[in-house]
1. How many residues, within segment 173-203, are more than 19 Å from residue 57 (Cβ to Cβ) and either polar (S, T, N, Q) or touching a strand residue (DSSP E or B) at 6+ places or on another chain (Cβ under 7 Å) (or both)?
2. Quick test for you: out of 37, 19, 41, pick the one residue that is within 30 Å of residue 173 (Cα to Cα) and in contact (Cβ under 8 Å) with a residue 12 or more places away in the chain.
3. Among the residues of segment 78-105, how many are under 9 Å from the mean Cα position of the chain (by Cα), of a type outside the set (A, V, I, L, M) and closer than 24 Å to residue 135 by Cα?
4. Going by the structure shown, is residue 141 in a helix (DSSP H, G or I) and either modelled with pLDDT of 90 or more or within 20 Å of residue 92 (Cβ to Cβ) (or both)?
5. If residue 60 passes every condition in (1) in contact with a Cys (Cβ under 9 Å, 6 or more places away or on another chain); (2) among the hydrophobic types (A, V, I, L, M, F, W, C); (3) over 21 Å from residue 194 (Cβ atoms) but one, which one does it miss?
6. Could you grab me the full set of residues in segment 113-133 that are without any contact (Cβ under 8 Å) to a residue 24 or more places away in the chain and part of a helix (DSSP H, G or I)?
7. Would you check if residue 93 is in contact with an Asp or Glu (Cβ under 8 Å, 6 or more places away or on another chain), at pLDDT 90 or above and within 22 Å of residue 142 (Cβ to Cβ)?
8. Suppose the filter is part of a helix (DSSP H, G or I) and at pLDDT 95 or above; does residue 28 pass it?
Amino acid sequence: MPHPPFFRFGEHASLMWNAHQKMCDISANMAINELGAISDAYTKTLEVVASLASRTEGKFAPIVDPKLSQRDAILSGYIVGLTLVEHAILSGYCAQAAALVRQELEAIAALEEIRLGKRKDGKTPHIRHVPSVPRTIYGDLSKAAHFSDTPTLRLLTAYRGEVPDAPGPAEIFLLSPQHIPNTTRQLFALHTLLLLNFAEHQSTHYSDLHAINPTEFDIRAVDESLALLRAAGVIEISE
């Protein structure tokens with residue numbers, strides 16, 4: 001794949017860019033095969049989010065409640081980043097994906113704080129307000145996002161395979177993205193679970209602002225997505 005036309009790479013940078021693109025394609029294919037039903041849950045949930053968003057086109061309403069303004073900004077930023085998060089996870093950018101998923105988790109926590117009347121601007125939202133996500137997950141995501149934990153970084157960057165030219169036992173760290181079994185799956189499962197949480201807040205917001213309510217299709221798709229994630233057994237979901 002040629003590099004983007006807006007950059008003029010030299011020989012070495014071109015080789016690195018092409019290697020990244022090749023590894024992204026390989027990682028994405030491996031990830032999709034590993035995800036199984038989780039990918040079905042994700043696509044169903046994304047359809048609900050897109051369906052709700054599409055029904056707001058051309059609609060305007062005065063925002064008289066400050067919490068509606070708070071919610072609107074978070075909903076917008078969350079939707080804008082969805083494809084970036086998806087690409088980062090599937091294409092093997094696990095450390096970067098952890099930072100993005102952590103941001104998604106904080107966004108859901110902020111929406112929960114708004115719902116509870118506890119949101120304070122300028123303060124990092126607390127994930128205790130997101131009951132479907134264990135608190136330890138935030139710490140795990142932070143270790144990768146901040147490059148602060150060597151075992152975590154070794155998990156994300158060490159080469160998985162034989163090194164035939166090495167003179168003895170060797171540990172090699174890749175300079176390209178790579179698929180990491182189970183880690184990629186966990187990240188995408190969490191991404192999907194957070195999207196389900198997001199759809200609930202999005203639905204409430206559009207109902208309050210535009211009197212737009214979920215359709216029977218939306219409700220059924222959410223139920224099916226929850227069932228798929230339960231069956232996958234990756235993340236426990238409370239009733």
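1. Total satisfying the criteria: 9.
2. Details: 37 fails: within 30 Å of residue 173 (Cα to Cα); 41 fails: within 30 Å of residue 173 (Cα to Cα).
On inspection, the qualifying residue turns out to be 19.
3. 5
4. On the way: in a helix (DSSP H, G or I): yes; either modelled with pLDDT of 90 or more or within 20 Å of residue 92 (Cβ to Cβ) (or both): yes.
Criteria met by residue 141.
5. That leaves (1) as the condition not met.
6. 113, 116, 127, 128, 129
7. Values: in contact with an Asp or Glu (Cβ under 8 Å, 6 or more places away or on another chain): no; at pLDDT 90 or above: yes; within 22 Å of residue 142 (Cβ to Cβ): yes.
So residue 93 fails the test.
8. Working: part of a helix (DSSP H, G or I): yes; at pLDDT 95 or above: yes.
Judged against the criteria, residue 28 is a match.
The values are calculated or read from the model by the stated rules, or taken from the named source; none is laboratory data. As the structure is a computational prediction, the values presented were derived from the model and not from experiment. Note that we place each Cβ from the backbone using ideal geometry, even for glycine, and neighbour counts take in every protein chain shown.
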